[in-house]
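Undergrad: Before anything else, here's the structure in question.
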Amino acid sequence: MIKKIEKKQLGTAYHTWIQSLFHFSHTNYHQPSNTFGVLRVINDDILHAGSGHDLHKHKDVEILTYILEGDLTHTPRQHEIKTLHRGDLYYMSAGGGIDHGEFNWGDTSVRMIQIWIKPNEKGLTPNVQYASFNSNHAKNQWHLIASPTETTPITIYQEAYIWLIELEAFKQTQFDIKKGRQAYLIQLEGSSMINDEEMASRDGMEIYEDRIEIKTHEQSQFILIEMALASDNHQIE
């Protein structure tokens with residue numbers, strides 16, 4: 001089973017320094033029935049030029065941020081400060097508590113996807129990792145960028161698998177979500193047909209124990225988070 005989540009169904013927030021689309025409940029946007037397995041947050045954020053989020057604390061959450069546009073400077077306390085560009089990722093296992101900031105000191109906006117995942121245990125030692133999904137990765141094939149195994153670029157503390165793919169125009173691919181599994185997909189860029197659903201940039205899709213067939217209309221990029229099927233899923237209505 002699949003269920004398309006159109007961009008217009010998502011939560012929104014507009015501030016002087018950031019504008020956001022919320023795929024799940026976050027800050028002042030709240031849907032009590034809106035959960036999806038171990039996923040807690042997926043935000044599609046535009047961080048305006050010359051702005052940022054000062055040092056703030058996270059605890060007991062796995063956070064992965066993927067840069068689609070612009071240059072983001074990440075400032076975790078007591079860890080490496082780094083400026084990230086298109087295709088770069090940073091990961092934080094907040095564990096017992098970590099302070100960090102995010103700043104756009106450039107002249108153009110930053111677009112980033114931020115994913116929060118429930119960790120498999122509380123009180124872990126805080127950890128920061130960086131990785132890149134760039135021109136060195138082959139197009140038209142899925143790339144596993146984060147998982148609980150140490151063979152992937154980023155290792156997370158949860159049984160969840162995060163995949164990226166960049167497809168050229170008029171290409172096809174598929175992804176099998178096996179029995180007992182579910183996934184959440186976002187069309188990050190471009191447009192496509194997935195099974196019988198037309199997808200536009202920033203649309204989402206819930207997938208349950210099903211195969212998806214993707215056919216692109218133009219150059220497109222997708223992110224997919226796959227995990228165990230949960231008994232307490234509640235979809236956006």
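Undergrad: Would you mind checking the radius of gyration and Dmax of region 2-228 based on alpha-carbon positions, in Å?
TA: My reading of the Cα-based Rg and Dmax gives 16.8, 48 Å.
Undergrad: Rounded to the nearest 20 debye, what is the charge dipole size of the chain about its Cα centre when +1 sits on each Lys and Arg Cβ and -1 on each Asp and Glu Cβ?
TA: Working: 21 positive and 32 negative charges, 56 e Å.
For the chain, the charge dipole is close to 260 debye.
Undergrad: For a quick check, take a GNM of the chain with Cα springs below 10 Å and name the residue from Ile225, Ile81, Ile162 with the largest mean-square fluctuation.
TA: Fluctuation is largest for Ile81.
Undergrad: Moving on. Putting +1 on Lys and Arg Cβ atoms and -1 on Asp and Glu Cβ atoms, find which of Ile5, Ser109, Gln158 reaches farthest to the positive end of the dipole of the chain.
TA: Of the listed residues, the answer is Gln158.
Undergrad: Can you compute the FRET efficiency between Asp176 and Glu121 using 1/(1 + (r/R0)^6), with r the Cβ-Cβ distance and R0 = 35 Å? Round to the nearest 0.05. Don't skip to the answer; put the middle values down first.
TA: Numbers: r = 29 Å, r/R0 = 0.84.
E(calc), rounded to 0.05, equals 0.75.
Undergrad: Using the Karplus curve 6.51 cos²θ - 1.76 cosθ + 1.60 with θ = phi - 60°, work out ³J(HN,Hα) for each residue of region 177-191 in order, rounded to whole Hz, and write x for Gly and Pro.
TA: 9, 6, 4, x, 10, 9, 8, 10, 10, 10, 7, 6, 8, x, 8
Undergrad: What is the local net charge at Ala160, summed over the other residues whose Cβ is closer than 12 Å to its Cβ (Lys, Arg +1; Asp, Glu -1)?
TA: Working: positive: Arg40, Lys118, Arg181; negative: Glu62, Glu159, Glu226.
Its environment carries a net charge of 0.
Undergrad: Can I ask one more? Would you mind ranking Asp54, Asp176, Asp210 so that the residue whose beta carbon has the fewest other beta carbons within 10 Å leads the list? Mind showing how you got there, number by number?
TA: On the way: Asp54 10, Asp176 13, Asp210 17.
The order, fewest Cβ neighbours first, is Asp54, Asp176, Asp210.
Undergrad: Return the FRET efficiency for the residue pair Glu209, Leu55: r is the Cβ-Cβ distance, R0 is 41 Å, and the value is rounded to the nearest 0.05. All intermediate terms of the calculation are to be shown ahead of the outcome.
TA: Details: r = 42 Å, r/R0 = 1.03.
Calculated value: 0.45.
Undergrad: Here is a further query. At 0.36 nm per residue, and after removing the present C-alpha to C-alpha distance, how many nm does the segment from Thr73 to Thr151 gain when stretched out fully?
TA: Values: separation 78, 0.36 × 78 = 28.08 nm, distance 2.66 nm.
Residue separation times 0.36 nm, minus the Cα-Cα distance, leaves 25.4 nm.
Undergrad: Ratio of alpha-carbon Rg to the 2.2 N^0.38 Å globular estimate for region 96-137, to two decimals, please.
TA: Numbers: Rg = 14.5 Å, N = 42, 2.2 N^0.38 = 9.1 Å.
Scaled against compact globular proteins, the figure is 1.59.
Undergrad: Now for a separate question. If packing is taken as the average count of other Cβ atoms within 10 Å, what order do 137-147, 41-51 fall into, highest mean first? Walk me through the intermediate numbers first.
TA: Numbers: 137-147: 15.4, 41-51: 18.3.
The most tightly packed comes first, giving 41-51, 137-147.
Values quoted throughout were computed directly from the atomic coordinates according to the rules given, and no laboratory measurement underlies them. Since this is a predicted model, take the numbers as computed values, not measurements. Virtual Cβ from ideal backbone geometry, glycine too; neighbours counted across all protein chains shown.
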